[in-house]
Amino acid sequence: MKSLRVPPRLEPRRMGNALIVAAMLLSLCILSLIKARYCSAPYAKLRSLAEVEPIEVPESAAAKSWEAALPEDEDDEGDVATPPKIVAEETVTVISKPICSETSKRSNVCRAEGDARLRGSSRTIFLHPSLTDREWKIKPYCRKHDGPAMKNIEEWTLKPLASNEPPPRCTVHHKVPALVFSIGGFTGNLFHDFTDVIVPLFISSYQFHGEVQFVVSENKPWWVSKFISILNQLSNYDIIDAADDDPDAVRCFPRVIVGLSFHKELGVDPSKTATGYSMVEFKAMLRKAYGLERPTAAPWGDQWDAKRKPRLLIISRRKTRAFLNERGMADMAMSLGFDVRIAEPDNTTDLAKFARLVNSADVMIGVHGAGLTNMVFLPAGAVLIQVVPMGGLDWVARDTFKKPSSDMQLKYMDYHIKADESSLSDQYPKNHPVLKDPDSIQKQGWYTTSKIYLENQNVRPHLRRLRNTLLEALRHLPHGRKEA
């Protein structure tokens, strides 16, 4: 009988080898997890801090910091492919402080404090490399969302001085900040003059108490002349016309601001201003600029008398949205006890003289349009009546003049034109969508809507209905007149 051969007992040895291999694999997994968790952490932390609070880091210091952050066992790993010097340069880019920002949906502003050298002829501002490491471009007009308005606004460039070239030599040294803005766009329309330029200019410059230098782009000498009284309230220095400046001039400023801050239509948000100033201070500035005597609509005495009737100012129009029964409106208002004035402002109107007329009024009425912008000169407590043409234009009337009125301390009222009070009823059949369904016209776009309802409509308010509106306006006046 053959004897059975019994194999040697290798099970314990095999089991020991398996345990060793398993332990090695587990160790590698643990090391990989530790590396993934901690090896990239220093750089990631640097990036997150940079995003919260941008700072400047010299290249050498950044390189040392980067090297110090590396784990000792990472030298022969292949997942950090970027050499220390390149990473340091990238770190500077990440944590460089931006100098330009969006201050509203309508405005961008660039700010830099330090060595700023302005060359108006090329619309370029050279900055010390410590202020920025890249070029910034901006169109300094508060209507950035509006293509047609921005089409002719020239771009300004802010750029760091080249480190390998001498900086442009200063030909003029200024001790006050520069404020660069454009008066192009839609200026020439009184509403846009104020909402796009003058109110934002007040927001941006009032904090300097006149110690700021205005640098104007797209200058219009007639515009500057028209508003010079306001400009002189906000700056103690003659305006610099960038395009007309000496081509070789390099003006050096300790601080530069390019672009104006926009808050809202014809308005100031005091929570966003440097010291909490608002439209109250804006109107006080206007009174000082034009010598306006009435801060409030209170009468010059204890009660109204024949010498001082409440004054109604009718803002007249001729080309479109005109009152077709203006004379009848005036006669009816006089029968209620109003001292009635009718005026039609235009681009040639002496603004100072017209401001004084508006300031003398207790109630101002006009059809929706740029002329109502003169509400900025009304005394506090006065009544503004906006006549809203038919056509579903409530939202336009609300955003342009109704909303701003409360910040100006005015009582706002409106009078909505009905189809039989509109000249459109003479142009279209009574069942036409223009008269019966303005919403369907609005769906065709703003061009069609404005063409029909703003450019091709005049109004004839019913005098009896308008009389009730004026009686209500009298009751709102601060002197408390209750009867006509």
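The values are calculated or read from the model by the stated rules, or taken from the named source; none is laboratory data. All values reported here derive from a predicted model rather than from experimental measurement. All Cβ positions, even for glycine, are placed from backbone atoms using ideal geometry, and neighbour counts span all protein chains on display. Protein only, heavy atoms only, side chains kept; ligands, DNA and RNA dropped before computing areas. Shrake-Rupley method; radii C 1.70, N 1.55, O 1.52, S 1.80 Å.
Structural remarks
- Pairs of Cα atoms nearer than 8 Å and 6+ residues apart set the relative contact order; for segment 252-345 it is 21 percent.
- With a Förster radius of 25 Å applied to the C-beta separation of THR348 and ASN236, the computed FRET efficiency comes to 0.30.
- Under-5 Å amide H pairs with ASP339, H placed in peptide plane, nonlocal only: ARG311, LEU312
- Overall, the ratio between the Cα radius of gyration of segment 194-308 and 2.2 N^0.38 Å, rounded to two decimals, is 1.31.
- Taking the convex hull of Cα positions in segment 105-177, its mean projected area over all directions (nm²): 5.9 nm²
- Considering only segment 351-484, percent of DSSP beta bridges that pair antiparallel, nearest 5: 10 percent
- 32 Å Cα-Cα threshold exceeded, pairs from LYS144/LYS430; LYS226/LYS443; LYS97/LYS144; LYS151/LYS403: LYS144/LYS430; LYS226/LYS443
- Gained length - ASN189 relative to ALA243, 0.36 nm times residue gap less alpha-carbon distance: 17.2 nm
- Peptides 424-433, 458-467 ranked from most to least packed give 458-467, 424-433, packing being the mean of other C-beta atoms within 10 angstrom over each peptide's residues.
- Across segment 447-472, the residues whose backbone nitrogen lies under 15 Å from the label position 7 Å along the beta-carbon direction of ASN325 are 458-470.
- Segment 357-484 shape via C-alpha gyration tensor axes, a/c threshold 1.5: prolate
- Segment 132-189: trypsin sites (Lys or Arg not before Pro) falling in loop per DSSP and having at most 16 other Cβ within 10 Å: ARG134, LYS151, ARG169, LYS175
- Each peptide among 405-411, 386-392 gets the average number of other Cβ atoms lying within 10 Å of its residues, and from highest to lowest they stand as 386-392, 405-411.
- ASP394/ASP133 FRET efficiency (R0 60 Å; Cβ-Cβ; nearest 0.05): 0.75
- Each 10 Å bin, from zero up to the one with the longest distance, holds this percent of the alpha carbon pairs of segment 431-471: 25, 37, 27, 10.
- Whole-percent carbon and sulfur share, accessible surface of segment 310-409, 1.4 Å: 50 percent
- Summary of the geometry: segment 437-465 and segment 305-334, compared by the centres of their Cα atoms, lie 23 Å apart.
- Value of relative contact order over segment 117-274, rounded to a whole percent, pairs C-alpha under 8 Å and six or more apart: 34 percent
- Mean-position separation - Cα centroids, segment 105-175 and segment 196-243, in angstrom: 18 Å
- Computed from the C-beta positions of ASP439 and GLU155, the FRET efficiency with R₀ = 56 Å rounds to 0.90.
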